[in-house]
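Here is the structure we will look at, set down as structure tokens.
The values are calculated or read from the model by the stated rules, or taken from the named source; none is laboratory data. Predicted model only: the values in this text are computed from it and were never measured. When we count neighbours, we look across all protein chains shown, and the Cβ atoms used for this are built from the backbone with ideal geometry, even at glycine. These accessible areas exclude ligands, DNA and RNA; they are computed on the full protein's heavy atoms, side chains included. Shrake-Rupley method; radii C 1.70, N 1.55, O 1.52, S 1.80 Å.
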Amino acid sequence: MQILENIPLAPMTTLQVGGPARFFCEAASVDDIREALAFAQSHGLPLFILGGGSNLVVADAGVTGLVLRVSLRGITDAPIVEGTGSRAFSVASGESWDDFVAYTVARNCAGIECLSGIPGSVGGTPVQNVGAYGQEVSQTIAEVEALEIASGTVHTFSNSDCGFGYRSSRFNTTERGRWIILRTTFALIEGGAPRIAYRDLQQHFANHSGQPSLVEVRDAVRSIRHSKAMLIVEGDDDCRSAGSFFKNPVLALAAYTAIQQRARERGLEVPAYPSADAQGQQQHKIPAAWLVERSGFHKGFTLGRAGISSRHALALVNRGGATAAEIIALKDAIQSAVEEQWQVKLEPEPVMLGF
């Protein structure tokens, strides 16, 4: 394994901004990972794990430490329990997420078809508990295999061990920076029905006769994501983004009641979806895009060379030649306006590296 120096990181991210990594290496095996960890430790370097680069903003100054790109490959599948209809897919972290979804759909296995078109690698999905269109990976993850950075030992976590929440897990909250995801096992339903819970999908199939197939649902999700600039398409400036830049706020009843009152004073009605916290207390999820657009930031808005996609209010885009500073300036302006007008602090989704 080679340790490289001063490697540009912007081309390795979907947003395509930011400076170089002082040191960079690519690990194709667990031994490579341990070798990289030893290098970082012996040189006193901070370490950052890079996956598909789809949920990442790199600072213009770059990264002073070691950036390790995990490129482990391989997919294995076999029945979990005979007669249950479930199949276990054990997937290495470096595999493309969307390619893996296509792989399972081609084998007529349901459970992640609505997560089609999401960029990045498999290893990032349990960290963020990736979700879309009524599905989250936590609903199908059986176990996660991870290497502890401090000791170099490998541990296996059950689903309940992972501490999954909305766009969160133990790997990006209480134990952020402690683990490197090596492999994730998904339990999917062979011959299962696709999930068509979200309005966009229901509208897409409104005139469809009979139940759509998993392939049809995958194609529909990718088409819908493309229409909202949430599918990475080469040459499409509206798609040069880090995906949804802000999480949908989840509000307790008192905060939800307060935002309802502010909306009524403006002649508006707040869209909301029922949710619940870990203790089962009622909560309400508010679309972040609704807050952004009603705080003065419309689709197509620009600030310097950064902007908002003309097709989706949550996609902050690089219009061409943007700096990370310009992206952050736009982020800050949106957060400030939303907080001032709605008393809600929007939380960014992407990882901020080098800031």
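You can think of it this way: the chain between Ser227 and Thr257 has 7.5 nm of extra reach, that is 0.36 nm per residue less the Cα-Cα gap. Taking 0.36 nm per residue of sequence separation and removing the Cα-Cα distance, the Ala78/Asp236 pair yields an extension gain of 53.0 nm. Estimated at the nearest 10 Å², the accessible area of Met352 is 70 Å² with a 1.4 Å probe. As an exercise, use a Förster radius of 45 Å and the Cβ-Cβ distance of Ser209 and Gln139 to find the FRET efficiency, rounded to the nearest 0.05. Efficiency, rounded to the nearest 0.05: 0.95. For the range 121-234, the per residue solvent-accessible surface stands at 47 Å², with DNA, RNA and ligands left out and a 1.4 Å probe.
Evaluate the Debye formula for the range 236-355 with equal point scatterers sitting on the alpha carbons, no solvent, and hand back log10 of I(q)/I(0) at q = 0.16 Å⁻¹, in q order, two decimals. Evaluating at q = 0.16 Å⁻¹ gives log10 I(q)/I(0) of -0.77. For the peptides 33-39, 280-286, residues were scored by their other Cβ atoms within 10 Å and the scores averaged per peptide; the highest-first order is 33-39, 280-286. Taking the protein heavy atoms of the chain in the context of the full set of protein chains, the accessible area attributed to carbon and sulfur is 48 percent at 1.4 Å. Here the peptides 305-312, 166-173 are ranked by packing, the mean other Cβ count within 10 Å, and the order with the highest first is 305-312, 166-173. Nearest 0.05, what FRET efficiency do Gln2 and Ser96 give at R0 = 30 Å with Cβ-Cβ as r? According to the calculation, E is roughly 0.85. By the compact-protein rule of thumb, 2.2 N^0.38 Å, the alpha-carbon radius of gyration of the chain corresponds to a ratio of 1.01. Annotation: per residue accessible area for the range 1-67 equals 44 Å², rounded to a whole number [probe 1.4 Å, protein chains only]. The mean accessible area for residues of the range 257-355, using a 1.4 Å probe and ignoring ligands and nucleic acids, is 48 Å² per residue.
For the range 186-258 versus the range 1-54, the spacing of their alpha-carbon centroids is 32 Å.
Close amide-amide hydrogen proximity is noted between Ala242 and Leu316, each under 5 Å apart and 5 or more residues distant or on a separate chain (H modeled in the peptide plane; Pro and chain starts excluded). Semi-axes of the equivalent ellipsoid of the range 1-138 are 32, 18, 11 Å, computed as sqrt(5λ) over the eigenvalues of the C-alpha gyration tensor in descending order.
Start at zero, step by 10 Å, and the Cα-Cα distances of the range 220-275 spread as 20, 30, 25, 23, 2 percent across the bins. Nearest-5 percent of antiparallel DSSP beta bridges in the chain? Within the chain, antiparallel bridges account for around 80 percent of the total. For the range 82-168, the ratio of Cα radius of gyration to the globular rule of thumb 2.2 N^0.38 Å stands at 1.10. Using R0 = 45 Å, the C-beta based FRET efficiency linking Asp161 and Ala38 works out to 0.95.
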